[in-house]
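Beneath this line is the structure, given in structure tokens, with notes to follow.
The values are calculated or read from the model by the stated rules, or taken from the named source; none is laboratory data. As the structure is a prediction and not an experimental result, all values here were calculated from the model. Cβ: placed from backbone, ideal geometry, glycine included. Neighbour counts: every protein chain shown. Accessible surface is based on the protein model in full, side chains and every heavy atom, while ligands, DNA and RNA are left aside. Shrake-Rupley method; radii C 1.70, N 1.55, O 1.52, S 1.80 Å.
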Amino acid sequence: MSTEQASSARTEGEPLLSIENLRTSFYTDKEVIRAVDGISFDIFRGETVGIVGESGSGKSVTARSIMRLVEKPGRIENGRIMYDGEDLLDKSPKQMRSIRGGSIAMVFQDPLTSLNPVYTVGNQIKEALRLHRGLSGSKATKEAIELLEAVGIPDAHRRVREYPHQFSGGMRQRAVIAMALACDPELLICDEPTTALDVTIQAQILELLEELQEERDLGIMFITHDMGVIAEIADRVNVMYAGEIVESAPVVELFESPKHPYTQGLLNSIPGQGLDEDERLATIEGDVPTPNEDPTYCRFAPRCPKAFAECDTVHPVPVDVGDSADDHRASCLLYPEDLPSEEAVAVHREGGQRGGDTR
Amino acid sequence: MSRWQYFLRRVLMSIPVVIFGTTITFALIRLGPLDPVSAILGTQYNPQAAEQIRTNLGLNQPLWSQYLDFMYRLFTFQLGQSWVIAPGTTAYELIEIYAPRTIWLGFWSVVIALFVGIPLGFYAGLNPNTPSDYVASFGGIVWRAMPNFWLAIMLVTALSQLGTWTNGLFTWQTWIVRTNVVTPPALGFFQSPVEQFLEDPGGWTESFIRATKQIAPAALVLGSASMGNEMRIGRTAVLETINSNYVETARAKGVSGRSLVWKHIFRNALIPLVPIITGEAFLLLGGSVFVETVFAINGLGWLFFNAAINGDLPLIGTLMFIFILILVGTNILQDFLYTIIDPRVGYDGGITVSTTTETEIPLRQRVAENPQPALIWAAVGAVLIGVELGAILQVVGAIAGVVVNLIPGDPGASAVQSLQAAFDAIPTLISRDVIPNQGYWNGTGYENTFLGLSPAVAWAIRVAVVYAYAFAVLAWAWNGYKRFRRHYRRVDWTPRDDVVNRFRGHSWGKFGLIIVITFVVMAVFAPTLGPTTMEQNILQPYDYEVSYWSEDTQSVETVLVGEANLGSGSQGAGDENVAPLTYDDFGRFHPFGTATNGKDLFTQVVFGARISLTIAVVAMGIAGLIGLALAMITAYYKGLADLATVLVSDSIQALPVIMVLILMLVIFQNTWVRELYDGAVLIILIFSIVYWPFIWRSIRGPALQVSEQDWIDAAKSFGQTPTQVMRKHMAPYVFSYMLIYASLSLGGIIISVAGLSYLGLGITAPTPEWGRLIANGQQYVASPSWHISLVPGLLITLVVTGLNAFGDGIRDAIDPQADTGDEAAATGGGA
Ligand SMILES: Nc1ncnc2c1ncn2[C@@H]1O[C@H](COP(=O)(O)OP(=O)(O)OP(=O)(O)O)[C@@H](O)[C@H]1O
Ligand code: SF4
Ligand SMILES: [Mg+2]
């Protein structure tokens, strides 16, 4: 998808998926982990929204929350997940089942283990076809073969009867994607679909996803921690840190002028993004903190090179970074850029007080 | 290779296995020191008759022709006849009489195991970490740690006593249909069942119910081990599949709960259950010897046992052949099930090996740079060792004594003895002399006891001090490791740290470790822990005297220990019983009561712990070394070496373990090896021979994997010799896998040894052994002297539970993804 096309989609009409103030927590024996803590973003038809962030920042939990696949001891505590104008969080388990795989499909990280080893690939695709489209028998087989062909598996007639272990890694991921596409979903959630694959196959899979998106006008939510992959596939990027979205911008804008100190750090840590030697953070030092309490400060402050006194007492909220940039928000007390520091902090202080729980 | 090709290959492989297994049997019975002729003639032995029989039986033929004859007959199913236990009866007739009972028993125990074990396991797996899961899991683990023969004894007693206990409300014997508790099942209704049923439906049904009721308790016991295994594996398998990515994918596809459970979870969870289910055949065959003996079900196991102890060679050979056929058949069935159920069969998926190497550290230098932590640690160690120096040297002396004893002619025996005497003289903190308990009441107070306390309290203090000391030493050792890690190790992290950390986070494994330590301490400090000594109380009771306060004469009297023992036996009735934690008439304190012959049970139990643990550890050590060495060789050279080892090990594994153990013990009964350490040495040797194939099998995969790694080629290209490569680059990696298997098998060996001793074949008197103690108290379980059988059985259950838990911990620590070890190994082949 070209960027113009996507941004035009953005301006017209309703988003396909709209997440508002989502919070998902895990009640472990030791503490309550707010794996996702008050995030909001939209996905439009035909658009690819990338989610990036370090390990443990809450990307997978976001995906699972959308699918309502969060398991004990996790709980979706707050927020709305609006899909086609309806809140997924109000759906019954049965309604949810027909949405899963039917309207929203998901591709997981590890293609080697995402397929059940004791059933043929065809069987597993047909299972989805039966569940959502009521197809069975030779019709379903024919459809499954077509799907395998659509994702570029050669000799699909034969392959449809083979078991997962007879497929190579890249082919398995194609099969998983075929399975996800079986029921013509409108939204495809990909949780690091290429991480387990080697680079050339990774590129092929990305290409495949782009083609499919163009054909079917899919909305794609693409999770990764690889900035390179994001640059290649996303139209818009949300950067997650410790359960929060710290920056959100169109992909070109984000790479050209990252605003949040964390994003800047992330980009600097990619080799080849030349910056001045002393400005450079080879890698961002320290680890992602575990978000286990109501935030009253900036969670990035301990690692932030630009942190100042207020960072420990005021919780930054997403604000437009400045007048010039279009649709570019960051959660950092340094912004809005065009305000003097005190006023900017005041914006965040107020914003933080206004936000309330919806459920 | 396609699945069915693979299956076909497995079937073809089984032919040489049967031939080889039968050959081993022939070698055992004909090359061993057992003389069939004297077995036949028994007491009426005379040379002429012997010669006559020899010619008749073809025993004068050359061995190879005997061998060919033996094989030819068996493979053409000319099964011959019995020589000794039922002379002249053909094997066919005997089998016709005995086999149906065993089949009936096996059928019901499989039913119980399958239909209780698997559903319980699946249920627990679907509801992990709930109270019902804990009850089911823990119950299953303890259940399978109980020796079959002991469980059988307890069950027989409980069923016989139910009427008395419930005041006649419920008696097992009269419940539904009248039966005895201990009886062979009446299976007459099986001959032409249809006609009989049509003739007299009510009567036939009653016979069916009667036969079922007669077999039910035995089946419950026999099925117990498999049931526990199936539960455990079922549970982990379900847990694993639930958390697998493909179940997640299925969920994301919108698959509903029920279809998820049945199609995606249970189906996959069945795969690891296949070997457990077919492995039941081994447990059933082995266990039948014990269960049939206790429940007086005259089945095949019982027949084999009797044939073996009476030296009925042709019958032994025939039965062995049949057992081999059954087991090989089961293996084929297992492969068949696998082929149907798991499409990956025959596919060699590449599994990645983590490439971790550790750096050598010149430790001494590091210590010299920062000596303080090491010095503190060493000082504490010196104190700990110093207070026990005498005891440590005594152990050295004792080992020297054993070694000298083993060498024919006992060279240097006197030197060793004087050495031992010198060591004995060194005082130690926790010796019997420092905290003595063998005193007596003199009318006003205790004499010769620690601080004048009562013998019971003095003994308890000594036990407490011993354990405190042992745990202090362990804490010290652990502290040393931590100091080393913090101050002296060059690298902050090694892969082994992860193993240690994972184990520390494994509460079940730590629970096992604590139990294991408790028993190891018991074994190591056995002489100190007993309220009396082996020498005085058990070995030479008539060489020692004991003083006691006599109520009759109101004075302190002296009596020989042997005579005192005669008056302190536990034989059921009230005044002929010394219960746990009581004194006998001679003022001697008995923590676990006395055995039937009046000897102290606790003393015997702690020495029993010593022999059981020694046998288990040494046998596993030897078997492990053989297995490891072979694994190295077969992985390095592959090809023919591998094929030959596969053949031999498959053949040994196709033999019913318990039967082979019985047979070998019988064969070597009157040899000098049998005399060593009251049979322990022989048992260790036999176990090593029987167990190495299991170890080799379990580490063959990892060994092959590691041999394909690049660093092996690199090592070869540096010009390292094959032995160097094997030792330095392959063995360390494979070793941890061996450790997993070995630790999971220790419990099984302990149960087997106890079972064999129960049958009178294992460890013989005077060395105390748990299984023999159980046999000793068997007839008193329902009487006040219940402790004799109960205590050793509980201890076996406890230590085996501990060892299995510890093994689980080690497995999960070393390799979180490891397959669950061989479950059959952890249950002692059915003993
Ligand atoms: N089942 C669970 N129980 C407890 N905590 C959980 C669970 N699942 C996730 N979490 C917590 O949620 C946080 C976010 O996890 P998540 O899997 O979303 O990370 P991620 O961004 O996808 O990381 P990665 O790149 O490694 O996949 C983690 O720090 C973890 O502590
Ligand atoms: S709010 Fe402060 S600490 Fe947080 S990112 Fe901005 S400058 Fe850094
Ligand atoms: Mg993730």
Subject >> Hits among lysines - C-alpha to C-alpha of residue A:142 under 17 Å, sequence gap 8 or more where chains match >> reply: A:126
Original post:
Amide H neighbours of residue B:597 under 5 Å, counting only residues 5+ apart in sequence or on other chains, H built in-plane at 1.01 Å?
Top reply: B:570
Original post:
Given 5 Å bins starting at zero, what is the percent of C-alpha pairs of region B:98-310 in each, up to the one with the largest pair distance?
Top reply: 1, 7, 13, 14, 15, 14, 12, 10, 7, 4, 3, 1, 0, 0
Original post:
If r is the Cβ-Cβ distance from residue A:350 to residue B:341 and R0 is 51 Å, what FRET efficiency results, to the nearest 0.05?
Top reply: 0.20
Original post:
Residues with amide H under 5 Å of residue A:247's amide H, sequence separation 5 or more or different chain, H placed in the peptide plane at 1.01 Å from N; which?
Top reply: A:239, A:331
Subject >> Of the DSSP H helices in chain B, those whose Cα atoms cover at least 27 Å axially and whose Kyte score averages 1.6 or more >> reply: B:313-341, B:601-637
**OP:** At 1.4 Å probe size, with every protein chain present, just tell me what the per residue accessible area of chain A comes to in Å².
**Re:** 44 Å²
**OP:** Give a residue-ordered list of calculated ³J(HN,Hα) values for region A:228-243 (Karplus: 6.51 cos²θ - 1.76 cosθ + 1.60, θ = phi - 60°; whole Hz; x for Gly, Pro).
**Re:** x, 4, 4, 4, 6, 10, 8, 8, 9, 10, 10, 9, 9, 8, 6, x
**OP:** Can you check how the C-alpha radius of gyration of the protein assembly as shown compares to 2.2 N^0.38 Å, as a plain ratio?
**Re:** 1.13
Original post:
How many Cβ atoms of partner chains, on average, are near each residue of B:335-344 if near means within 10 Å of its Cβ?
Top reply: 2
Original post:
For chain B, what is the accessible area per residue in Å², given a 1.4 Å probe and the full set of protein chains?
Top reply: 44 Å²
Original post:
If you project the alpha carbons of region B:619-830 onto the principal axes, what extent comes out on each, in Å, largest first?
Top reply: 71, 39, 26
Subject >> Under-5 Å amide H pairs with residue B:81, H placed in peptide plane, nonlocal only >> reply: B:91
Subject >> Spatially close lysines, pair count over chain B: Cα under 30 Å, gap of eight or more or interchain >> reply: 6
**OP:** Using only protein heavy atoms and a 1.4 angstrom probe, determine the accessible area buried between A and B, summed over both sides, in Å² to the nearest 100.
**Re:** 2300 Å²
Subject >> Cβ-based charge dipole, the protein assembly as shown, positive-most Cα from B:648, B:707, B:21 >> reply: B:21
Original post:
Taking R0 as 51 Å, what's the FRET efficiency between residue B:53 and residue B:543 from their Cβ-Cβ distance, rounded to 0.05?
Top reply: 0.60
**OP:** Pick out, in residue order, every one of the trypsin sites (Lys or Arg not before Pro) in region A:131-209 that is DSSP loop and has at most 15 other C-beta atoms within 10 Å; say none if there are none.
**Re:** A:161
**OP:** Identify the residues of region B:661-676 with backbone N under 16 Å of a label point that sits 7 angstrom from the Cα of residue B:43 along the Cα-to-Cβ direction, or state none.
**Re:** none
Original post:
Of the heavy-atom accessible surface of region B:619-830 (probe 1.4 angstrom), what whole percent is carbon and sulfur?
Top reply: 64 percent
Original post:
Could you give the length gained on full extension between residue A:338 and residue A:313, defined as 0.36 nm per residue of separation minus the Cα-Cα distance, in nm?
Top reply: 6.8 nm
Original post:
Got a sec to turn the phi values of region B:485-493 into Karplus ³J(HN,Hα) couplings, 6.51 cos²θ - 1.76 cosθ + 1.60 with θ = phi - 60°, whole Hz, x for Gly and Pro?
Top reply: 5, 7, 9, 10, 7, 5, 8, 6, 9
**OP:** Equivalent ellipsoid semi-axes for chain B, as square roots of 5 times the alpha carbon gyration tensor eigenvalues: give them largest first, rounded to whole Å.
**Re:** 43, 39, 30
Original post:
Tell me, how many Å apart are the Cα centres for region B:167-198 and for region B:459-501?
Top reply: 59 Å
Subject >> chymotrypsin sites (Phe, Trp or Tyr not before Pro) within region B:129-212, DSSP loop, no more than 16 other Cβ atoms inside 10 Å >> reply: B:170, B:175
Original post:
Taking the alpha-carbon centroid of each part, what is the distance from region B:748-795 to region B:592-655 in angstrom?
Top reply: 20 Å
Subject >> Inter-part distance where region B:435-457 and region A:226-255 are each reduced to a Cα centre, Å >> reply: 82 Å
Subject >> Gain in span if fully extended, residue B:262 to residue B:65, counting 0.36 nm per residue against the direct Cα distance >> reply: 65.2 nm
Subject >> Longest DSSP-loop-exposure-free segment, GluC sites (Glu not before Pro), chain B, at most 16 other Cβ within 10 Å >> reply: B:1-357
Subject >> Proximal lysines relative to residue A:259, as straight alpha-carbon distance under 27 Å, when same-chain residues fewer than 8 apart are discounted >> reply: A:59, A:306
**OP:** Provide the three semi-axes, in whole Å and in decreasing order, of the ellipsoid equivalent to region A:114-176 as defined by the square roots of 5 times the Cα gyration tensor eigenvalues.
**Re:** 18, 13, 10
